[in-house]
Amino acid sequence: MSINKEQDFGTPAKTATESVTLEIDGFQVTAPAGTSVMRAAASIGIEIPKLCATDSIEPFGSCRLCVVEIQGGRGMPASCTTPVAEGLKIITQSKRLADVRRGVMELYISDHPLDCLTCSANGDCELQDMAGAVGLREVRYNPVKTHLDAIKDESNPYFSFDPSKCIVCSRCVRACEETQGTFALTIDGRGFDSKVAPSQNQAFMDSECVSCGACVQACPTATLMEKSVIDHGQPEHAIITTCAYCGVGCSFRAEMKGEQVIRMVPHKDGKANHGHSCVKGRFAFGYATHKDRITKPMIRASIKDAWREVSWEEAINHAASELKRIQQKYGKDSIGGITSSRCTNEEVYIMQKLIRAGFGNNNVDTCARVCHSPTGYGLKQTFGESSGTQDFDSVMKADVILVIGANPTDGHPVFASLMKKRLRQGAKLIVADPREIDLVKNSPHVEANFHLKLRPGSNVALINALAHVVVTEKLLDEDFVNARCDVSSFTKWETFIAQEHHSPEATESITGVPATDVRAAARLYATANNAAIYYGLGVTEHSQGSTMVIGIANLAMATGNLGRVGVGVNPLRGQNNVQGSCDMGSFPHEFPGYRHVSDSKTHQLFESAWQAKLSSEPGLRIPNMFEAALDKSFMGLYCEGEDIAQSDPDIQHVHSALRAMECVIVQDIFLNETAKFAHVFLPGASFLEKNGTFTNAERRISPVRKVMSPLGGYQDWEITQMLSNVLGYPMNYKHPSEIMDEIASLTPTFAGVSYEKIDKLGSIQWPCYDEDSVGTPIMHEQTFMRDNGKGLFMLTEYVATQERTTRKFPLILTTGRILSQYNVGAQTRRTDNVAWHAEDRLEIHPHDAEDRGLKTGDWVGITSRAGETVLRTLISDRVQPGVVYTTFHFPESGANVITTDNSDWATNCPEYKVTAVQVSKVSHPSEWQKEYLSFSENQLELLEQGIQNG
Amino acid sequence: MKIERLIKMANDIGDFFNAESNKEIAAEGVKKHILRSWDPRMRRAIFSYYQEDGSQLSDLAKKAVSTLDQPE
């Protein structure tokens, strides 16, 4: 292993199909038209000195170090800004060039600290490298005025800004603009006074900086430097792995010193992120070694008892005997398991295999139940496959982008940067969201053409109105519909959607969106060359979540926006492995590959392969498990990587169900909220401690690689395997690659996937049907994946949610997440990301606040039909009157105390996005919060007692 | 299983398929959805409720539940 630095070609690659041939230092080189001379030279191993150029941003031509000579030409042009041309003869080294470069370097160094030996960038400093490259031996200048006393900015928890080391190359400024799209940095002043300035000359933490790390990555000196490198020194080896946060699934180089992660650097060749990152993936990895990690197995008889640390053997034996005891007492179907999108594909696969083959039932579910299960259902019905249709890069060919119920800049920030780049190039934007997300008008140089600020719960009325305009104004793509879709279903749908009650005018009273805006947005979407839909949980987490997904699919098919680059239906998955965990058969009614458990051919295939009698009946979904627990027919649960006691709706109901169970086994890295109700704790491994794969929102299967030993001793798949073996269902995998081989052998869409191929290609997008396939970036190009190959239109009548506002509950609460925190916060709350968001707040419109006499920072009680909690307010006109909004990253916030048990009709995905509430000023926490704090403190004491006795 | 919960689930499924004007096809859609996604104990419970009372089920849900094949 080595640090294996990624080659920097100096300027971005060009994709022109036309190529030109030239000569550089006597060597012939052919490059795509538009390529810089610098990059062409680098491609044949000729390194031209450079400082202000790097291949993640466009060339700037300011440092004058990369000058070259052109035979027959005049002067010395900068090779970074000079494009290749047919027949050019370039000279990169001559005495004249050497003198210029040495002179440039001499000037730079005359105003730079000469502390190389003690500098944090020592060993990774381009300025130092260039001084060596140009042969700088002396600095003749003795300037009377320098920047050496410039004050450091240490405000950011993850990196420092030392302007005394800045060479004002603007790489950070350009990275912030081009790569991230935040435009938080600028060069302030002129001449000698020029300096990098965050926002209005503010400290980084006070500026608009979102801490994505692009500037740190771009900096050629120690000016912008990770504090972890300052503290520990340069890493000595690097391993490529995949981020464990959101569904973008960024590829990272884990840069290591032994088993210590020094920094996570976005991998340039990562096909999901192309070398970009966000504050979570780039910096918030410290939770993996947080003091709260539990590394020894523990058991206890009751949740009132102290934990007892035991050996792995005792813990596994105890867990197995309890599960067997419960099955003997209550029946085979009285136990089950829950997997998580935080688990690898291989972990999820063997978990569901254990439950189906070892437990003998189909009581397996996953956290996608509470996020994207409607996507799985809706897209399977209409397109024939439970997945998004595009790769992320497809957005760069979209002319109109329709974002529905998603907040990409917070939830999927790296993809949002790509989307913003396309929007800055001129693509049009329609946002359908009850709240003014940043894309609407708070992102520099991006502004939505239409913000359809609909009322929560009225999605289906809106999508129907958009489709009504398409049909009645004859904006259909009839050729596409006739050639690619089930025409009889289309005819029926066309008649249905043309009915007057779906018109924008008729639905205006439901959605609150002016009919003229809906008509104009529909025309914009339908008449674009390429129109693409991106959506999130604002679509799925409704009582009509599946109907809305179907409505989106109908609209895309009707306008022919499927089956090519630049279009499509793109669910933005919340967690890193939502797609993968669903692919792996973690729903109670489906085997891996979304095949129903009652399908006789599939059933036989798995019975034969797994050598076990399998049930052909659907098992319990997560909310059904809770109901069954209270009914005493579901008494044992094996829960891996999921925190149902915080993340699921109507949390008091969930807690009652967990208390009713006789054995709850939690496998996790922390004593999470669910573990406080557990009887067995199996210490799991973080993503840094195991091998496997994650599948992101674009169906990209990427490698997860072990960079440090599991703190608890075992990788999660090994723990599940141990439990399975003790339960009497043998598993003997030696490595997760063997699990993937089994998945490939049993799942047609994965048939051509193997670790060997993933290692070779970096990642693979399924479907990948055979050994020769390199995957499928765009789906449904020729036919849909339904049995007859045709897309199916379905009828989507708007049905109002039963969660209505009343005089008692006059406001609608909707929820979302924030950039710096991640879901239930178990990871990010244990990092310095709390510097940005240390508590959940309730956003309320100024009118509603005034009616209640509230100001920002006041404590308010939020009461719903399900319960009450207390938060502080943030008065904001980003929400509309009548709507309040909060995040759900802190357990004590109790956001799910107030959410109800309403759910999607097809999948039981909870209706998190619509809760009728009342808000009023209070002076003390809610009863639930008091009880929670007392219970939680008691559980932590019981944990402490266990550790002391261990 | 709390029967009120199952009734609501069945009615919600019915609300989706109710867009279909042919109620035979609609009821078949509801039935198929329940068969493919409900655990047997849930199906048994809703069928028992239908036999004993059934008054809270919508017409479409009732029609579908009445034809459910009973799991063993």
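Determine if segment A:109-132 includes at least one residue that is over 39 Å from the mean Cα position of the chain (by Cα), closer than 14 Å to A:Cys219 by Cβ and either in contact (Cβ under 8 Å) with a residue 60 or more places away in the chain or not assigned by TED's automatic domain parsing to the domain that holds A:Ile187 (or both). Yes, because at least one residue in segment A:109-132 is over 39 Å from the mean Cα position of the chain (by Cα), closer than 14 Å to A:Cys219 by Cβ and either in contact (Cβ under 8 Å) with a residue 60 or more places away in the chain or not assigned by TED's automatic domain parsing to the domain that holds A:Ile187 (or both). Number of residues in segment A:566-583 that are out of contact with any Asp or Glu (no Cβ under 8 Å at 6 or more places or on another chain) and either surrounded by fewer than 24 Cβ atoms within 10 Å (Cβ to Cβ) or among the aliphatic types (A, V, I, L, M) (or both) equals 4. Residues of segment A:528-540 include at least one that is under 20 Å from A:Ser387 (Cβ atoms), part of a helix (DSSP H, G or I), among the small types (Gly, Ala, Ser) and in contact (Cβ under 8 Å) with a residue 60 or more places away in the chain.
Of all residues in segment A:150-186, those that are part of a loop (DSSP other than H, G, I, E, B) and not β-branched (Val, Ile, Thr) total 14. Restrict the check to segment B:47-65 and report whether at least one residue is facing chain A (nearest Cβ under 10 Å) and among the small types (Gly, Ala, Ser). No, that holds for no residue.
Results for (1) under 26 Å from B:Asn22 (Cβ atoms); (2) assigned by TED's automatic domain parsing to the domain that holds A:Leu379; (3) more than 31 Å from the chain's Cα centre (by Cα), shown as yes or no for each residue.
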{"site": "A:Leu475", "(1), (2), (3)": "no, yes, yes"}
{"site": "A:Ala483", "(1), (2), (3)": "no, yes, yes"}
{"site": "A:Ala520", "(1), (2), (3)": "no, yes, yes"}
{"site": "A:Thr540", "(1), (2), (3)": "no, yes, no"}
{"site": "A:Ser546", "(1), (2), (3)": "yes, yes, no"}
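Scanning segment A:292-345 for residues that are among the aromatic types (Phe, Trp, Tyr) and more than 14 Å from every other protein chain (Cβ to nearest Cβ) yields a count of 2. Whenever a residue of segment A:615-641 is among the polar types (S, T, N, Q), its partners that are outside any loop (DSSP other than H, G, I, E, B), lying with C-beta atoms within less than 7 angstrom and at least six residues away or across chains, give the pairs A:Ser616/A:His603; A:Asn624/B:Met42; A:Ser633/A:Tyr330; A:Ser633/A:Ser334; A:Ser633/B:Arg41. Selection of segment A:892-909 for residues being under 28 Å from B:Ala10 (Cβ atoms) and either facing another protein chain (nearest Cβ under 9 Å) or assigned to a helix (DSSP H, G or I) (or both) yields A:Asn896, A:Val897, A:Ile898, A:Asp901, A:Asn902, A:Ser903, A:Asp904, A:Trp905, A:Ala906, A:Thr907, A:Asn908.
Between A:Thr863, A:Thr887, A:Thr831, the distinction of being within 29 Å of A:His451 (Cβ to Cβ) and not assigned by TED's automatic domain parsing to the domain that holds A:Cys209 belongs to A:Thr887 only. Of all residues in segment A:338-353, at least one satisfies being assigned to a strand (DSSP E or B) and outside the structural domain of A:Arg523 (by TED's automatic domain parsing).
Within segment A:618-677, track down each residue that is among the basic types (Lys, Arg) and either under 23 Å from the mean Cα position of the chain (by Cα) or under 22 Å from A:Val824 (Cβ atoms) (or both). Of everything in segment A:618-677, those that are among the basic types (Lys, Arg) and either under 23 Å from the mean Cα position of the chain (by Cα) or under 22 Å from A:Val824 (Cβ atoms) (or both) turn out to be A:Arg621, A:Arg659, A:Lys676. Scanning segment A:541-577 for residues that are modelled with pLDDT under 95 and either touching a Leu at 6+ places or on another chain (Cβ under 8 Å) or assigned to a helix (DSSP H, G or I) (or both) yields one hit, A:Gly574. Given the structure, is A:Tyr822 buried (at least 20 other Cβ atoms within 10 Å of the Cβ), closer than 24 Å to A:Val539 by Cα, within 14 Å of chain B (Cβ to nearest Cβ) and out of contact with any Asp or Glu (no Cβ under 8 Å at 6 or more places or on another chain)? No: the conditions fail for A:Tyr822.
Of all residues in segment A:910-935, those satisfying the criterion of being out of contact with any His (no Cβ under 9 Å at 6 or more places or on another chain), exposed (fewer than 15 other Cβ atoms within 10 Å of the Cβ) and assigned to a helix (DSSP H, G or I) are A:Glu927, A:Glu931, A:Leu933, A:Ser934.
Considering segment A:641-741, the qualifying strands (runs of 3 or more DSSP E), each wholly inside and each with 3 or more residues that are farther than 16 Å from A:Leu323 by Cα, run over A:692-695, A:700-704. Look at segment A:246-266: where a residue is farther than 19 Å from A:Arg700 by Cβ and a partner is among the aromatic types (Phe, Trp, Tyr) and modelled with pLDDT of 95 or more, sitting 6+ places away or on another chain with Cβ atoms under 7 Å, you get A:Val261/A:Phe285; A:Val265/A:Phe252. Residues in segment A:779-798 that are in a loop (DSSP other than H, G, I, E, B) and buried (at least 19 other Cβ atoms within 10 Å of the Cβ): A:Met779, A:His780, A:Phe784, A:Lys790, A:Leu792, A:Phe793, A:Met794, A:Leu795, A:Thr796, A:Glu797, A:Tyr798. Selection of segment A:653-707 for residues being small (Gly, Ala, Ser) and farther than 26 Å from A:Lys734 by Cβ yields A:Ser656, A:Ala657, A:Ala660, A:Ala675, A:Ala678, A:Ala697. When segment A:837-849 is examined, which residues are found to be closer than 15 Å to A:Pro810 by Cα and either hydrophobic (A, V, I, L, M, F, W, C) or free of Cβ contacts under 8 Å to residues at least 60 places away in the same chain (or both)? A:Ile844, A:His845, A:His847, A:Ala849, listed by residue number.
Mind listing whichever residues of segment A:488-512 are part of a helix (DSSP H, G or I), free of Cβ contacts under 8 Å to residues at least 60 places away in the same chain and among the polar types (S, T, N, Q)? Result: A:Ser488, A:Thr491, A:Thr495, A:Ser509, A:Thr511.
Is one or more of the residues making up segment A:12-22 buried (at least 23 other Cβ atoms within 10 Å of the Cβ), at pLDDT 95 or above and not aromatic (Phe, Trp, Tyr)?
Looking through segment A:12-22, none of the residues is buried (at least 23 other Cβ atoms within 10 Å of the Cβ), at pLDDT 95 or above and not aromatic (Phe, Trp, Tyr).
Can you work out which of the residues in segment A:344-385 that are small (Gly, Ala, Ser) and farther than 22 Å from A:Thr693 by Cβ is surrounded by the most Cβ atoms within 10 Å (Cβ to Cβ)? For segment A:344-385, the residue satisfying everything is A:Gly378.
Would you mention how many residues in segment A:589-615 are facing chain B (nearest Cβ under 10 Å) and touching a helix residue (DSSP H, G or I) at 6+ places or on another chain (Cβ under 8 Å)? The number of residues fulfilling the criteria is 5. Looking across segment B:14-40, the residues that are surrounded by 21 or more Cβ atoms within 10 Å (Cβ to Cβ), facing chain A (nearest Cβ under 7 Å), of a type outside the set (Gly, Ala, Ser) and farther than 19 Å from A:Trp493 by Cα come down to B:Trp38, B:Asp39.
For the criterion of being touching a strand residue (DSSP E or B) at 6+ places or on another chain (Cβ under 6 Å) and part of a loop (DSSP other than H, G, I, E, B), A:Pro588 passes.
Taking the condition in contact (Cβ under 8 Å) with a residue 24 or more places away in the chain and not in a loop (DSSP other than H, G, I, E, B), does A:Leu813 pass? Taking the combined requirement at face value, the residue satisfies it.
The values are calculated or read from the model by the stated rules, or taken from the named source; none is laboratory data. Here the structure is a predicted model, which means the values were calculated and not measured. Don't worry about glycine lacking a Cβ; one is built from the backbone with ideal geometry, like all the others, and counts go over all protein chains shown.
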